[in-house]
Amino acid sequence: LAELQEALVASGVSEAAPAEGGAEPSGAAALRALSRMKKSELVDECLSRGLLREGESPGTVAELRATLRVERKRDALIGELVERGFAASRARSALQATGWSLDAALAKLLK
């Protein structure tokens, strides 16, 4: 849990949710707020994303939320680069190579 949160902070991605009435990140409109999800729903999303294997101990609700928060932020970063015209696979590779820094990934893709 702490490692995931440190990775988020180190990459410069804010953990703050959009303000009520504020704009949501693109693609996030269909996602339900993590704070409103039951543990079974959190586990289902983790399973669908390949973050857990069937029968694996899922951990606590807080750990599941933290894991999904990081993954959703990563999806948003990939989405930003896709909106700028880059392929999703190239965007993911560049972000992974740069520690999920959007500016560094963009610079890498433009080289």
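The values are calculated or read from the model by the stated rules, or taken from the named source; none is laboratory data. Keep in mind that this is a model prediction, so the values were computed, not measured. Because the Cβ atoms are built from the backbone with ideal geometry, glycine has one as well, and the counts that use them run over all protein chains shown. For accessibility, only protein heavy atoms count, side chains too; no ligands or nucleic acids. Shrake-Rupley method; radii C 1.70, N 1.55, O 1.52, S 1.80 Å.
Quick notes on this structure:
- Of all residues making up region 56-98, the number that are under 20 Å from Leu110 (Cβ atoms) and without any contact (Cβ under 8 Å) to a residue 12 or more places away in the chain: 9
- Within region 36-50, residues that are over 14 Å from Ala62 (Cα atoms) have Cβ atoms under 7 Å from residues that are open to solvent by less than 90 Å² (accessible area, probe 1.4 Å) and of a type in the set (Asp, Glu) in these pairs: Arg49/Glu71, counting only partners at least 6 apart in sequence or on another chain.
- Taking the listed residues Leu64, Leu68, Leu95, the one that is farther than 24 Å from Val43 by Cα, open to solvent by less than 40 Å² (accessible area, probe 1.4 Å) and at pLDDT 95 or above is Leu95, with no other qualifying.
- In this entry, Ala29 passes the filter for residues that are open to solvent by 70 Å² or more (accessible area, probe 1.4 Å) and either assigned to a loop (DSSP other than H, G, I, E, B) or modelled with pLDDT under 95 (or both).
- All conditions but one from (1) closer than 27 Å to Glu41 by Cβ; (2) in a helix (DSSP H, G or I); (3) touching a residue at least 24 places away in the same chain (Cβ under 8 Å) apply to Leu106; the one that does not is (1).
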